[in-house]
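Here is the structure we will look at, set down as structure tokens.
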Amino acid sequence: MAKNKSSHLEVVLIQLISDVLEKSNNEALNYKQVSAKLNITDPDSRETILDILKQQTQKGVFVEAQKGKFKLKDLKTFIIGKVDMTADGAAFIIPDDEFEKDVFVSARKLHNALHGDKVKVYIYAKKSGRKNEGEVVEIIERAKTDFIGVIKISDRFAFVIADDKKMMQDIFVPLSDLNGAKNRQKVQVKITDWPEGVKNPIGTVITILGEQGENNTEMNAILAQYGFPLQFPPEVEKEANAIPEQITADEIKDRRDFRETVTFTIDPADAKDFDDAISFKKLDNGHYEVGVHIADVAHYVTPNSALDKEAYGRATSVYLVDRVIPMLPERLSNGVCSLRPHEDKLCFAAVFELDNKANIINEWFGRTVIHSDRRFSYEEAQEVIENKTGDFSEEILKLNELAYILRDKKFKNGAISFESTEVKFKLDEDGKPLGVYVKERKDAHKLIEDFMLLANKKVAEFIAKKGKGKQKYTFIYRSHDSPNLENLGNFALFAARFGYKINMKSDKDIAKSLNYLMEDVEGKKEQNVLTQLAIRSMAKAVYTTKKTSHYGLAFDHYTHFTSPIRRYPDVMVHRLLAAYLNKEKSADAEEYEIAASHSSTMEKRAADAERASIKYKQAEYLEENIGNLYKGIISGVTEWGMYVELADNKCEGMIRLRDLSDDFYVLDEKNYCIIGQRKKKTYQLGDEVQVKVKKVDLSKRQIDFSLIQ
């Protein structure tokens, strides 16, 4: 064996020997005992075991406790972690143990591990001043085996070139496994084998997505890339179609009847799944009864049914630029469960008695039946608010007045108002973008949002207060931690360059100054950059059974109760709330924590898929505008380039540092800028620049700009 470089076989033997010594309860073993535990009887192989024991003792992996007897040194020589692939094919292993440092693994020592895989890594003895380096010895769990890409077919073989930038290898496909795919089509391929020492994995085509560049193909490719199925299994559709729309008299008898109370929905103009409605009634005592009625999905989707298992797996609906991929089949999402006007519908509700100052006098939670009188679009409801006339104007204007008071209380308590821009596309019948615009949020949007927040908050508080310590009731909360002060400090330094001050004395001071910033920045060129940076400095909201607060909303307890048609956590919340209202015992916390974690993961995937569809449409839009000049703002800086967001249409592309010929530029990460090494010219996040559309790569969803200096 080479003295300085361990072969892969040697690394595997070191691992096996380490496992034997680890299981020996700290008893020192000689090479014969180690060999016996490994079922090695061949004398030459036993000599190899002895050689390794001696060599690795010199390197500090083992210790010779007695003459000829060895123990594992009290150092971790192996770690478990996830592969984080770099652009050049090497990787860093992010340890499961947060107190361990990342380990660098060169491309040739990954041994077929791919981005995101869970692996076991042998750590080499560290040389002074060098970072931890290692070698993958076991792939414990693949992050994924399915990839999306373009297939290239020759006379003798075929390859799929993956869209995923982190997938460095082409996937070899035998001609017998094409399954009807044609040259240059976009396909989904599954890796079926990858022998040790072979450069490329072997796969089979499992789905033909269609021709490159076609809208349907590209949108389906995005869904497949992020692991969302393109259709519902037949048994799920069958189960959904068997559900009757007719509501029985017995079912109505067991519910609080709101069919004679004024009720309406307010949703986007193109929405088909209406999962929330508001009822309104003025009471004799001068107070107002406001009901937040949510589609009773849990009544129709029962635990462990085919529908339930499919909804759990998806965990969320996915909203791409031109389509919605629902969590539930259309029969439920747009039909049985959707709170369509002029139809009796089953709901789960949070009903509040409010005084004129939006103080809650009474609250009630339970199952209801409603009959929506009107379906408003946001635009129609906004017209009523602005013109003070129209259908149900008295009810909408009073709800808007109460919503303003609720909103004001929320911000006074320390909630943060993030108003980031939402990009929308005007598409032709083939899905081709004709224009890009920014969606505006007005009072009608905020009215609905404030009453949904109230329902979510009060449902969470109701359960949180029911039991403490070991007596607490298992529930699904929406948790949002306080921001990391180091991240927020960096953001505060950057915001100060634009003249904005962040007071970091307390959580309330932080929230107050962030809100002032958001008000001041509205409509200014730096609005989106500062908003996005502020959001990035915050913790990410997640689902959990832990009874924790929501920092961004300044609520002690918060949940998601209001969208069960499109979010599985809301379905779980309805089930748990119904059980506890029926005096049932607390549910299994471990089971629900696993479900909460899965829902958080799928929520992130759905958000990534949505962003990918926006990136694709932005690239498609600018492909028709190559050579055109635009004004923009620097929205991001990296070691290889700076991102620019165009002022007119919010499309984002990159100016690559290698294309800046007037100097050698490097990234100053701490100060969010790039600096020329000779002339010291600086390009700062938030700077205005003029760019030309240089190149568009639709398959990679990439836009390249040239800087006009």
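A few notes on this one:
- At q = 0.05, 0.07, 0.11 Å⁻¹, base-10 log of I(q)/I(0) for the chain (Debye sum, equal scatterers on each alpha carbon): -0.32, -0.63, -1.36
- Size estimate for region 209-367 follows the Kirkwood approach: the inverse of mean 1/r over distinct Cα pairs works out to 18.0 Å.
- Equivalent-ellipsoid semi-axes for region 385-469 (Cα gyration tensor, √(5λ), whole Å, largest first): 32, 21, 13.
- Likely footprinting exposure, HIS557, HIS598, fewest C-beta neighbours within 10 Å first: HIS598, HIS557
- A Förster radius of 56 Å combined with the Cβ-Cβ distance from ARG256 to LYS505 puts the calculated FRET efficiency at roughly 0.75.
- Surface/4 estimate of mean projected area, convex hull on alpha-carbon atoms of region 461-611, nm²: 10.7 nm²
- CD proxy at 222 nm, helix term only [per DSSP H run n ≥ 4: -39500 (n - 2.57); per residue of the chain; nearest 500]: -9500 deg cm²/dmol
- As a length-normalised measure over Cα pairs under 8 Å and 6 or more apart, the relative contact order of region 146-212 settles at 33 percent.
- When the P(r) of region 217-306 is calculated, the portion above 20 Å amounts to 62% of the C-alpha pairs.
- Out-of-range pairs (alpha-carbon distance over 28 Å; input LYS165/LYS525; LYS458/LYS604; LYS144/LYS199; LYS524/LYS670): LYS165/LYS525
- Taken over region 146-212, the percentage of Cα pairs per 10 Å bin, counting from 0 up to the bin with the maximum distance, is 25, 59, 16, 1.
- Between region 686-709 and region 124-190, the Cα center-to-center distance that results, in Å: 29 Å
- With a cut-off of 10 Å between beta carbons, the residues surrounding HIS111 carry a summed charge of -1, where Lys and Arg count +1 and Asp and Glu -1.
- The fewest-to-most ranking of TYR580, TYR543 by surrounding Cβ atoms within 10 Å reads TYR580, TYR543.
- Exposure proxy order (Cβ contacts within 10 Å, fewest to most) of ILE243, ILE396: ILE243, ILE396
- Surface/4 estimate of mean projected area, convex hull on alpha-carbon atoms of region 625-708, nm²: 5.2 nm²
- Packing order of peptides 27-33, 398-404, highest average first: 398-404, 27-33 (average count of other Cβ atoms within 10 Å over each peptide's residues).
- Size descriptors for region 78-141: radius of gyration and Dmax over Cα atoms are 10.5, 33 Å.
- As a length-normalised measure over Cα pairs under 8 Å and 6 or more apart, the relative contact order of the chain settles at 8 percent.
- Region 279-301 and region 493-543 have Cα centres separated by 36 Å.
- Mean projected area in nm² (Cα convex hull; one quarter of hull surface) for region 8-72: 3.9 nm²
- With contacts taken as Cα pairs under 8 Å at a separation of at least 6 residues, region 78-141 carries a relative contact order of 33 percent.
- Förster radius 35 Å - calculated FRET efficiency between ALA647 and ASP270, Cβ distance, rounded to 0.05: 0.85
- Estimated FRET transfer efficiency (ASN30, GLU138; beta-carbon r; R0 25 Å; 0.05): 0.40
Bear in mind that the values in this text are calculations on the coordinates, not laboratory data. This structure is a prediction, so every number in the text was calculated from the model and none was measured. Here the Cβ is made from the backbone with ideal geometry for all residues, glycine too, and neighbour counts use every protein chain on show.
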